[in-house]
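Quick note: the coordinates plus some simple rules give every number you see, no bench work behind them. Bear in mind the structure is a predicted one, so any value in this text is a computation, not a measurement. Because the Cβ atoms are built from the backbone with ideal geometry, glycine has one as well, and the counts that use them run over all protein chains shown.
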């Protein structure tokens, strides 16, 4: 069983700081960042920018994800009478988390399960070695040097694909956590939405989960960094094939695909509703940008009409105000310019590369609106 400590104890916070220090040492050769929330959110900054006292004093902390770390962020929002049903949301997220860890167990992978402190669960695990030939490893190293951000996203997505996660679970697992520039709540940190704590739990505790006890307790798997995984040959070759095929496709030309035009009978209203469903916290920038790309193509470059659609479907989700208007104008102008400069724009290619949403996933979502 996991050891629980009172989160307001010095013992827990000192140990948490030791854990943070070890995490940072693992991320020393990459852009490994933290965000602390003490009344306001700091910028994403490296470990050395904060004092030890700051890490110990602040309870809401986020961190970036290590390059060799895979995180399944399982989160479902079930509403009843217009309000979130926390218990029902947790129950549904628990069933998906159980399926994922069963698959990891079948592959004999080591992992850590955390209650997120809100509606879902985070499953963390580390990869250290691929069983590949030297020539294959050299090829992967060259691809990583060519585009590190893209490389690690495809690397993590390939693990997701190898596990054969059911398509129906797609929206419940935040694929934005496969991107390099993303953050996850720190282990042992508070979730201010309901003041529960991100807490390490065992598989048995997941099966018999009771979120209430994490309102005053938290725990961390302090041995996590030692529990790393070497992937077998079959798994490794699958990852190798996914990465090399993706880079070959990328090399052929990111925008060299059929131009998407509204006169082909596409229903802009229907597509917009799908984008609205995907427009969730943590992925708003990526989805918003993809939607601008779609509108450029679907309206044949009619900027005023595109802006009208954008405000109608995505603008209403964000709070009104000057900052939101600024963010919209900045995103729209930049994306619109890049679209107009391209001879041919691949809407589905853009979705898959930037939002981790495949063409099949999107078309499946279209059937449900």
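Can you grab the distance from the C-alpha centre of the stretch 124-148 to the C-alpha centre of the stretch 163-229, Å, no decimals?
Centre-to-centre distance over Cα atoms comes out at 26 Å.
As an exercise, use a Förster radius of 51 Å and the Cβ-Cβ distance of residue 103 and residue 304 to find the FRET efficiency, rounded to the nearest 0.05.
Details: r = 48 Å, r/R0 = 0.95.
After rounding, the FRET efficiency stands at 0.60.
Enter the angle in degrees (range 0 to 90, nearest 10) between the Cα long axis of helix 148-162 and the first principal axis of the Cα atoms of the chain, meaning the one along which they spread out most.
Here the helix axis deviates by roughly 80 degrees.
Using Cα-Cα distances under 8 Å and only pairs 6 or more residues apart, what relative contact order does the chain have, in percent?
Working: 510 pairs, mean separation 64.2, N = 369.
About 17 percent, as a whole number.
Once both axes come from the Cα atoms, what is the angle between helix 86-106 and the longest principal axis of the chain, in degrees from 0 to 90, rounded to 10?
80
If R0 is 22 Å, what FRET efficiency do you get for residue 368 and residue 268 from their C-beta distance, rounded to 0.05? Could you put the intermediate results ahead of the total?
Values: r = 17 Å, r/R0 = 0.79.
It comes to 0.80.
With everything on Cα atoms, drop me the angle between helix 233-251 and the longest principal axis of the chain, reported from 0 to 90° to the nearest 10.
30
To the nearest 0.05, what FRET efficiency results for residue 225 and residue 134 with a Förster distance of 25 Å applied to their C-beta separation? Before the final figure, lay out the partial values.
Numbers: r = 27 Å, r/R0 = 1.07.
According to the calculation, E is roughly 0.40.
How far apart, in nm, are two points set 7 Å out from the Cα along the Cα-to-Cβ line at residue 234 and at residue 249?
Roughly 2.4 nm, to one decimal.
For residue 43 and residue 21, calculate 0.36 nm times their separation in residues minus their Cα-Cα distance, and state this gained length in nm to one decimal. All intermediate terms of the calculation are to be shown ahead of the outcome.
Working: separation 22, 0.36 × 22 = 7.92 nm, distance 1.90 nm.
That works out to 6.0 nm of additional length.
Grab the DSSP H runs of the chain that are 4 residues or longer, score each as -39,500 (n - 2.57), total them, divide by all residues and round the 222 nm result to the nearest 500 deg cm²/dmol. Spell out each step's value before the answer.
Details: 13 runs with 168 residues, N = 369.
Calculated at 222 nm, the ellipticity per residue is -14500 deg cm²/dmol.
Using the 10 angstrom Cβ neighbour count as an exposure proxy, how do 200, 150 rank, fewest first?
Values: 200 22, 150 19.
The fewest-first ordering by Cβ neighbours comes to 150, 200.
For Rg and Dmax of the Cα atoms in Å, one of (i) 25.4, 107; (ii) 19.6, 60; (iii) 21.4, 65 was computed from the structure I shared and the rest are decoys. Which label?
(iii)
Give me the distance in nm between label points sitting 7 Å out from Cα along the Cα-to-Cβ direction at residue 54 and residue 80, one decimal.
4.3
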